[in-house]
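The values are calculated or read from the model by the stated rules, or taken from the named source; none is laboratory data. Keep in mind it's a predicted model, so treat the numbers as computed, not measured. Cβ placement follows ideal geometry from the backbone for every residue including glycine, while neighbour counts extend to all protein chains displayed.
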Amino acid sequence: MYFDDSQSQPLLRDYNENEEEEASNSVVSPRTCSEGHRSTLLLRTKQGGSICLLCFSNLISNPQSSTVHVSYALSQLSQAISADPPFLRSLVDFHPHFLVSPLVHALSSFDDDPIARQVVHLISALCESSGASISADFVARVSDRLSSGALAWSRRQLYTLHCLGVLLNCQQNNPYAHIRDKYGLITNLVEGLQLPSEEIRGEILFVLYKVSVLQYASEVGDGTDFLFAFCPKLLHLSLEALMKTQSDDVRLNCVAFLTVLALRGLFRAAYAVDLNSMSSSEGDSFEQATEDGKDANPMNILFTEAIKGPMLSTDSQVQISTLDLLFHYMSSWEGTSGKEAQFLVEENIADYVFEILRLSECKDPVVKSCVQVLDILSKAEQAFKQRLVVGFATLVPVLNYVADIPFHPVQNQTLKLILNCISDCPGMVSSSHITELVPVLAKMLKKHSDGEIGMLEETFILTCSVVVAIVRTPSVHGNLNLQISIKEAMQHAVSACLSISEKNPCKLLHSLFLLKEVFNIYSREGNSTDSTKAELRQFIVNVCTKHLLPWLGTNFNEMDEETVLGVLETFHSILLQDSNNQVAELAENLVSSSWFSLSFGCLGLFPTEKMKWRVYLMLSSLVDVLVGNDSGQPIRDATLCLPSDPIDLLFLLGQKNSRNLELSSCQSAILLILYTSSLYDERLADDKLVLASLEQYILVNSSDLQGGSTDPSTVMRLVYLYGLYRGLAKVSYQIPYSPEAERILFMILSENEWDLPSARIHPISLKWLFQQEKLSTPLSYQLLKFCGKNIGNGIIVHGKNSHMVNINSIAELIAGGDNHGATLLVSLLTQLLEKEGHEHDIISVVHLVATIIDIFPIASDQLCLHGIGSALRNLFCESTYTQSPQISTPVLVLIIKFLCSVHHGTLSDDECWLAVTMKLINIITTRAADGWNQECLIVTGILCLILHHSSNEVLIAPSKAIIFSTSLVSTINSTIHEACLKGPALVDHDEETSSGEVLIFVLLLNFFSLRSLHTVLPGIVDWKISLIPQIGYSRFPLSGYSAMTYADYYILDHLWSNLLLHTAYWSCLPEYLIRGIEQGRSWYAPWTT
């Protein structure tokens, strides 16, 4: 035993310094203790004292020993072991097991807490400092004492339990293997759980926990779970202990032990034992309770009540451990119904968990444990739904927290809970929580798209699903800020999947599902007209056209079939919505990107029924949008019968379809596909093959085509396709064609009713039709129909590349000149006059001609070359139609537009225009007397234009008629003199007044008259005489013609400050000077001053 040198005890021996130094260098002291024990048991310390191991053993093993001496001895030995390495080395090397028995005996010899703590501490120090054999010896001896049951439960037993727990916790060399009587130990421990002492129960639970953990990790034994023999009693006692205790330490031990049991499936085993016991004892009452869905097993009730206390603990570790226990307890029931989860929810366990989560301030590991439990409790769908709505506000900040941590273990569960709440309880989640939630989801997708964080496939899918669920909530549709976040979420979801680093097709499919669902929801009735909804739909279309469509066109050869089908389904879903600007825009972008060719490319790459079904149905919807009127129905009807190869389509088209409805349906669909694709310059096969198939179809099915059994729309698509490929052959290269097929087609067009104005036709096809002289009669009728449909209702403007037969396409034909369009139009107008057609028809044709000239002024030349002048003469001079102001005004407008745009080189028919001119002069002279009106002004303008053209040596006779018309001169002079008589008041009559407007036109007529004189009457006018002032005025020396006097010029110049009149006036005077210069310069000198 060890003592300090300053103390005087019987066992103390003094040594001189040399002896001490010599002893410290030796392993064992050569001397004996005061009791005469052999020297081998006497160990020297570096302080100069010594400890006799036998004396120490006798002291601590004797229950009658003074606690002071025992405590002192324990402390000195402990100090020597920890602070004196030579001493420890001597003890371990020569007496490793000498102190094992005394120390174990000391635990059960003293009812003294400090001594017990010292003993346990010393045992722990020896185990840590020595080999595994010492630790094993301690485990064996301590466990034997507890297994023997020799001692009743007491404070001493508590110390022994605590010591065993410390030994088992050392984790050295599998201490479980050194417990000799395992069954006896567990039996005593289970019995001890019934003791009222909370401390003992806590120590027992810890030992049970360590034993169970070590046993599961041990390779000793046959793998049988020895704890199973003590169930369900062990579980009941443990749960009762947990329910009764208020100590967090005891709770931790108990929860840890129960968690191990849950992991081992002992709860399920104990439940089965209880179930069998109850069923055998209660009989019919138990069966009835089971049928009613009531949980009659007290195990669940006990478990539920036991965990409530720990869940309310202020110790976060207790709460987390309890949540983990609950998680493993519920996980052990996986594969069964949600009855167990429902019971827990009904017992308010979910409310406890939500409260813990709310108070956690979104910190791990509380968040992880809570969300895991809530995820399992969600199996109780109906019972959990109400709790989830109440606790939803807690989940929003939790998602915000886990979203910033890549691959957080409960990201998926949090998203799943949020999704369940929004989906299962529509309208129950407040808009404020939704407003907080969407930006978080958008942030997650943005970080994933930017490469800042990774994202599991399931996480991505759940994120997209939550956004879809939110969009389906009606309350969010009016929130503009929310829609901005939804836009961001969609954009980042798609871009993340289309990026080079992403190769996961499942993610792409769900991002496409997000786009599709959002577009569908915002296209429904009540949403479609809202401008904010329209913006969102436009955004989706932009994503499809700017990102998804180019990506598909570039990479579809490298994709799998499911991915391609997903993209097609997304586009198809949008096309199926009610026609609006966004749907039409998507359709136009698809066909502009060679969609027909891409579709057949998909069929070639994936020749499956599923792909064929999707491609043809989408093409039918695309045709519906592009052509309208449910025109894609033939494709839908023949989807299952259509081949996948375009060459096979052409082969099928060339077959005789007599009485074969299936073949006829396929041929109609094929013609529709070829027709629609041709409108956008897509060629699905070589032009020669297509033309040959069309001709073969016409030849072998001529009887059906001529007999009217073929659908008219199919016939017209055939006509337009045939015209296109014949036109292409004529433009680019020569392709042999069948005259018989052409004859049959012309006969069909001549004998059957058709509607060109409502058609969509390729410009090349339209031009080819108008180049066929044999079709003059039906085309004239079609032009008349066009006038009635379009001109009467104003000009109809169609979208870019719509290929509708509109005013622009007709005008382009006529201006081109390489077809019979101008001839047909002039002939139509002439025929209407000869046959005294309806006034409305004539007006519509006149409007058409005027509109064509507006669009293409060069068309005037083609009309002039094909006799428009003669038609105008017949209309204006020889018919009674112009007596009607509804006709006369449009005709006058047409004449003035024609004369403004026609090139003088094409004007040659003076006789026709002379008659028109005489009629115009008659109008102005007869009606101006009663006052100038708008018609008189238009007529004056036409006369000016006739005179203007005469300066180019055309329309000479009409110009002479104007110049020599005394009635016209008289009318003009009287108008000018009347204006001059106003005197100073003339200043108030500017161009905005009716009298001012009349004077402008009169002066312009005077100007053009002067300008044309040198051409119309060359060498007749003496410009020198006309320019010499004679008593204040001068006149032209031509009989019957009177012009303005210089006095009139002076009055107008000084009293009328109108800019346009000055322009007209100073335009007339230079004409005099220019023509005078041409006759000679002798008279010019006076004017130079």
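Quick check on V916: is it within 60 Å of the chain's Cα centre (by Cα), within 23 Å of Q862 (Cα to Cα) and assigned to a helix (DSSP H, G or I)?
No, not satisfied.
Sort out which residues of the range 919-963 are under 20 Å from Q886 (Cβ atoms) and in a loop (DSSP other than H, G, I, E, B), and write them in order of number.
Passing the criteria: only N933.
On the basis of being in contact with a Lys or Arg (Cβ under 9 Å, 6 or more places away or on another chain), modelled with pLDDT under 80, aliphatic (A, V, I, L, M) and crowded, with 16+ Cβ neighbours inside 10 Å, does A23 make the cut?
The answer is yes for A23.
Note down all Cβ pairs under 6 Å where the first residue falls in the range 515-534 and is more than 11 Å from I574 (Cα to Cα) and surrounded by 17 or more Cβ atoms within 10 Å (Cβ to Cβ), the second is of a type in the set (S, T, Y) and modelled with pLDDT under 90, and they're at least six residues apart or on different chains.
If the second residue must be of a type in the set (S, T, Y) and modelled with pLDDT under 90, the pairs left are K533/Y522.
Would you list the helices (runs of 4 or more DSSP H) that sit entirely within the range 773-841 and hold 1 or more residues that are in contact with a Lys or Arg (Cβ under 7 Å, 6 or more places away or on another chain), at pLDDT 90 or above and within 19 Å of T851 (Cα to Cα)?
Answer list for the range 773-841: 807-816.
Can you name the residue in the range 717-752 that is outside any helix (DSSP H, G or I) and under 47 Å from the mean Cα position of the chain (by Cα) and is also nearest to D681 (Cα to Cα) among such residues?
Out of the qualifying residues, it is S732.
Scan R251, R156 and give me the residue that is at pLDDT below 80 and assigned to a helix (DSSP H, G or I).
The match here is R156.
Mind checking which residues of the range 477-514 are among the β-branched types (V, I, T) and either within 15 Å of E569 (Cα to Cα) or buried (at least 19 other Cβ atoms within 10 Å of the Cβ) (or both)?
Within the range 477-514, I486, V494 meet the criteria.
Take N874 and decide whether it is under 20 Å from E834 (Cα atoms), of a type outside the set (F, W, Y) and assigned to a helix (DSSP H, G or I).
In short, yes.
Quick one: is P114 in the same structural domain as F56 (by TED's automatic domain parsing) and surrounded by fewer than 21 Cβ atoms within 10 Å (Cβ to Cβ)?
no
Quick check on the range 892-907. Is at least one of its residues in a helix (DSSP H, G or I), buried (at least 20 other Cβ atoms within 10 Å of the Cβ), on the phi < 0 side of the Ramachandran plot and among the small types (G, A, S)?
No: the range 892-907 contains no residue that is in a helix (DSSP H, G or I), buried (at least 20 other Cβ atoms within 10 Å of the Cβ), on the phi < 0 side of the Ramachandran plot and among the small types (G, A, S).
Are there any pairs, at least 6 apart or on different chains, whose C-beta atoms fall under 7 Å, with the first in the range 653-670 and free of Cβ contacts under 8 Å to residues at least 12 places away in the same chain and the second part of a helix (DSSP H, G or I), and if so, which?
The qualifying pairs do not exist here.
Considering each of E191, E198 in turn, give the residue that is surrounded by fewer than 22 Cβ atoms within 10 Å (Cβ to Cβ) and either in contact with a Lys or Arg (Cβ under 6 Å, 6 or more places away or on another chain) or under 17 Å from D249 (Cα atoms) (or both).
Result of the check over E191, E198: E198.
Residues in the range 551-576 that are surrounded by 15 or more Cβ atoms within 10 Å (Cβ to Cβ) and outside any helix (DSSP H, G or I): how many?
2
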